[in-house]
Amino acid sequence: IANFTNKNLEIMRSNWDRIKLALKRTFLLVNSFGIDRENLTSLNALLPIAYYLCRTGTDLLESQSADHARNRENVRSWLIAALLTGAFGGTSDNTIGVAKAVIAAELNTSRDFPVSELFEKLSRQRRRPTFLSDEVIDELLLTKYGQKSAFLLLSLLYEEKSWGNIPHDVDHIFPQAGVTRKALLGQNLALSRVEKIIEASARIGNLQLLTNAENNRKSATDFHQWVSGLDDNYCERHLIPSDRQLWDPLMLPEFVAEREKLIRMRLSSLRHGVNAYQ
C-alpha cells in the first residue's frame, strides 16, 4: 500500500493504456499454457511477465516467429517452475522486486525473457531452488490427484505447449474404479498390498493429461482395453513403461515406480542452464 503515492498513481494513470494491454496479454498468454483461476497458485508470479511484456511492448501470441516461440517457451517453463516451487510464497514483495530488477537489467542487452537469470537470482534470494533441482523433483513426485499443481506438473511431460486451446483433464491411467478396497480385497490380496495399490493409484505416476473428449471415451475402461485401440505413439507420448507385465492393476505400485523414473528423466531434461549455480 505504501507504493500508492500520489506520484506513483499519476505514473500509473499516464501509462494505464500500456499497463492494461500488458496485463491482458499476460493473462491470454498464461491461459494458452492451460493456466487459469483453477490452477494458478500465485497471481504475483504473473507480475514479472506483465512487466516484461509492458517494457518490450510485445504480444507473444501475435505470431509464430522463432523469437516469439522461444520466448513463449521461456515464459512458460519459468512460470510453471516458479509456481511448482512456490517461488512467490512468503515474502513475495521482495521476490517481485528481484525479478523486476533482473528483467530490467537484461533488457539493456536483449529482448528475450531472461529465464536462466531469473532462476539464478530468485534461487539466491529465496535461498532454495526455484528451478527443477533434484530436490524439487523429489518433492514434485509426491504430487497426488486433486492437487492444483498436478495439471501444471503433468503439462511439463508433453511436447504440447498450448494447453489452453483444447481443454484437458487430469486422468487416472488405471481407473480408480478397478482398484477400490472392495474390489482388491475380493481378489484375496493381503491388506498391506491393497493399501500399496490404493496409495499408488493417486500418485503422479498414475496420472496423465487427456482431452475432455478422450477422457469421456476412456471413462473407467480397463487400461489394456483402452491402449489396444490406440496408435503406437500413445505409450511414448504419455511415458508409459514398456514392460507389459506392469500393465496390470495389481502391479500398480511397480508400474508407478517405473513411470516416475521416466517422469524424473523428463523433468531433469527441462532445466534451463542451472548447472552454473546449482
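3J(HN,Hα) along the stretch 38-43: 6, 10, 7, 8, 7, 5 Hz, from the Karplus curve 6.51 cos²θ - 1.76 cosθ + 1.60 with θ = phi - 60°, whole Hz, x for Gly and Pro. In this entry, the stretch 91-156 is assigned a mean projected area of 5.5 nm², taken as a quarter of its C-alpha convex hull surface.
Per residue, the stretch 77-184 exposes 45 Å² of solvent-accessible protein surface, assessed with a 1.4 angstrom probe and all protein chains in place. What the Kirkwood sum gives for the stretch 1-119 is a hydrodynamic radius of 14.9 Å, with every pair of different alpha carbons counted.
Here is the result for the stretch 40-116: no chymotrypsin sites (Phe, Trp or Tyr not before Pro) lie in DSSP coil with at most 13 other C-beta atoms within 10 angstrom of their C-beta. Helical content alone sets the calculated 222 nm signal of the chain at -16000 deg cm²/dmol, taking -39,500 (n - 2.57) per DSSP H segment of four or more residues and averaging over every residue. Model label sites at LEU61 and THR180, defined 7 Å from Cα along the beta-carbon direction, differ in position by 4.2 nm. Where Rh is the Kirkwood radius over the Cα pairs of the chain, the temperature 25 °C and the viscosity 0.890 mPa s, what D in µm²/s does Stokes-Einstein return? Using the Kirkwood radius from Cα pairs, D works out to 119 µm²/s. Projecting the Cα atoms of PRO241, ALA66, ILE197 onto the charge dipole of the chain (Cβ charges, centred on the Cα centre) puts ALA66 farthest toward the positive pole. Taking a Cβ cut-off of under 12 Å around PRO167, the surrounding Lys, Arg, Asp and Glu residues balance to a net charge of -4, with basic ones at +1 and acidic ones at -1. In order along the stretch 65-82, the phi-based Karplus estimate (6.51 cos²θ - 1.76 cosθ + 1.60, θ = phi - 60°) of 3J(HN,Hα) comes to 4, 4, 4, 5, 4, 4, 6, 4, 5, 4, 5, 4, 5, 5, 4, 5, 5, 4 Hz; Gly and Pro are listed as x. With N as its number of residues, the stretch 120-159 has a Cα radius of gyration that, divided by 2.2 N^0.38 Å, comes to 1.32. Here's how it looks for LEU210: its modeled amide H is under 5 Å from those of ASP169, ASP171, which are all 5 or more places away or on a different chain. Remark: the stretch 16-32, residue by residue, has Karplus-estimated 3J(HN,Hα) of 4, 4, 5, 5, 4, 5, 5, 5, 4, 4, 4, 5, 5, 5, 5, 4, 5 Hz, where x stands for each Gly or Pro and the curve is 6.51 cos²θ - 1.76 cosθ + 1.60 at θ = phi - 60°.
Among the trypsin sites (Lys or Arg not before Pro) in the stretch 1-91, those placed in a DSSP loop whose Cβ has at most 15 other Cβ atoms within 10 Å are ARG37. Entry for the stretch 164-225 at q = 0.16, 0.26 Å⁻¹: log10 I(q)/I(0) = -0.57, -1.08, Debye formula applied to identical alpha-carbon scatterers, no solvent contribution. Taking the Cα atoms of the stretch 87-227, the ratio Rg/Rh between the radius of gyration and the Kirkwood radius comes to 1.12. So how tilted is helix 47-56 from the main axis of the chain? Cα-based, degrees 0 to 90, rounded to 10. Computed tilt is about 50 degrees.
Two numbers describe the Cα atoms of the stretch 199-278: Rg and Dmax, which are 14.7, 47 Å.
How large is the dipole of the chain about the Cα centre if only Lys and Arg carry +1 and Asp and Glu carry -1, each at its Cβ, rounded to the nearest 20 debye?
Using only the charged Cβ atoms, the result is roughly 860 debye.
A DSSP coil position with no more than 11 other Cβ atoms inside 10 Å describes the following GluC sites (Glu not before Pro) in the stretch 78-170: GLU159.
Note on the stretch 96-135 and the stretch 184-257: Cα centroid distance 38 Å, given to the nearest whole angstrom. Solvent-accessible area of the chain (1.4 angstrom probe, protein heavy atoms only): carbon and sulfur portion equals 51 percent.
The values are calculated or read from the model by the stated rules, or taken from the named source; none is laboratory data. Since this is a predicted model, take the numbers as computed values, not measurements. Because the Cβ atoms are built from the backbone with ideal geometry, glycine has one as well, and the counts that use them run over all protein chains shown. Protein only, heavy atoms only, side chains kept; ligands, DNA and RNA dropped before computing areas. Shrake-Rupley method; radii C 1.70, N 1.55, O 1.52, S 1.80 Å.
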